[in-house]
Structures are given as structure tokens and as C-alpha cells.
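Input: a single structure, listed below in C-alpha cells.
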Amino acid sequence: MNKGARVVVLASGSGTNAEAIFSYFKNHPLIDVVLLVCNNPEAQVLKRAQKFGIPVRVVNRNEFNDKRYMLELLSSEKVTHLVLAGFLWLIPAYLIHAFPGRIVNIHPALLPKFGGKGMYGMRVHEAVKNAGESESGITIHLVNEKYDEGKVLFQATCAVGDDDSPEQIATKVHRLEHESYPKVIEDWISN
């Protein structure tokens, strides 16, 4: 296992996955969540981070795309791994090159289906419902320079009933996310 892994979580919204990660690694002997980077000053995830004593940095698009600014920020926290938890901006090439194989994301569907630009949140669950799928699930994958196309690390499925609404599908998928993502992150960092 990598000794002293230092993780930054990137999130844009409510932050339920981020909170599951904060909780899971709260007293972990070898993995620390050292920072939350958020691109939405109104996001609920900011309060979730505060509850766990996780430092927060809210960034605008110019700051996020500024190689020097972001790399100095991450370097100052000695960050070793980046974990996306509902972060909606495309990760710039400079970050992918600075953290090769050390950026992970979770997607609320079974990639390669229902992925790509604009496919997030309820849009994904509505697309699953509209396609008449009998199952959905989660995909945890490495991040590359395209939305949802990095190497798949883990998938888990849940049944989708004919009568399930997009909201019911979302509830099933969220359960899988919260159960699986922290453990997969731990395994990924450990290997």
C-alpha cells in the first residue's frame, strides 16, 4: 500500500458520495482526505466537508484551468490522488499528465452506455428509463481526457423494474455508489 496517500475530492453538488468518502477515510491509517475542491460556491458538499473538518477550496473555471494555480494548490497539500465525486467539469490535460493513473471518477450507469458530455445526475437515470433497460448500476473508472472513457476499475449492477421511475432508479444507484466507491478507492490506492 502507498504509505501516506493524500486525496483531494472534487465535487460540484450535494456531495453524498463525497460524504461517504469523508466518513470512510476519517480515521484511516494510510489514506487521508486533505482537501475538497468545489466549483460551486452554493454546493451542499461544502457543508458536508465542514462537518468532517475537511479544508475547502472553491475554484472558478479560470482558476481550475490555470495549470500553475492548481498544481501549486495540490502541491501545497502534497496531494497524491484525485477523486471525482459528482464533479461536472472536464479534467484538463495538465492534471491528467501530473497525476497519471491517479484520478478516479464514478458514473451513475454501466459505461459505455449512458456516458459522455452532459450525461450526469437525473439525465442518466431518465435515459436508462427511456431506453427500457432492465438494469443499471455504477462504473468506477480512471479519468482520461474524455468524459467517461477511462479504464474501468469496477462495475456493480441493480435491477430496473418496468415501473421504476427515474427517481427510483437514482435511489438504487446511489445505494451502490455509497456502498462501493470508498472501498474501490481504497483498493485502487492500495495497489
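The values are calculated or read from the model by the stated rules, or taken from the named source; none is laboratory data. Note that the structure is a prediction, hence the values are computed from the model and not measured. Glycine gets a Cβ as well: all are built from the backbone with ideal geometry, and neighbour counts include every protein chain shown.
Tell me the residue from PHE52, PHE87, PHE25 that is more than 20 Å from ILE140 (Cα to Cα) and within 18 Å of the chain's Cα centre (by Cα), please. I'd like the intermediate steps shown before the answer.
Working: PHE87 fails: more than 20 Å from ILE140 (Cα to Cα); PHE25 fails: more than 20 Å from ILE140 (Cα to Cα).
So the residue among PHE52, PHE87, PHE25 that is more than 20 Å from ILE140 (Cα to Cα) and within 18 Å of the chain's Cα centre (by Cα) is PHE52.
For the stretch 4-37, which positions are touching a residue at least 40 places away in the same chain (Cβ under 8 Å), part of a strand (DSSP E or B) and not aliphatic (A, V, I, L, M)?
Scanning the stretch 4-37 gives a single hit, ARG6.
Hey, GLU177 hits all of (1) charged (D, E, K, R); (2) more than 23 Å from SER14 (Cα to Cα); (3) surrounded by 21 or more Cβ atoms within 10 Å (Cβ to Cβ) but one; which does it fall short on?
(2)
What are the residues in the stretch 137-163 that are charged (D, E, K, R) and either surrounded by 19 or more Cβ atoms within 10 Å (Cβ to Cβ) or in contact with a helix residue (DSSP H, G or I) (Cβ under 6 Å, 6 or more places away or on another chain) (or both), if any? Give the derivation first.
Residues of the stretch 137-163 charged (D, E, K, R): 145-146, 148-149, 151, 162-163.
Listed by number, the residues that qualify are GLU145, ASP148.
Residues are listed down the side, and each one gets a yes or a no for (1) in contact with a Pro (Cβ under 7 Å, 6 or more places away or on another chain); (2) under 25 Å from PRO92 (Cβ atoms); (3) at pLDDT below 95:
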position: LEU10; (1), (2), (3): no, yes, no
position: ALA18; (1), (2), (3): no, yes, no
position: TYR24; (1), (2), (3): yes, no, no
position: ASN27; (1), (2), (3): no, no, yes
position: VAL33; (1), (2), (3): no, yes, no
position: ASN40; (1), (2), (3): no, yes, no
position: ALA43; (1), (2), (3): no, yes, no
position: ILE54; (1), (2), (3): no, yes, no
position: GLU63; (1), (2), (3): no, yes, no
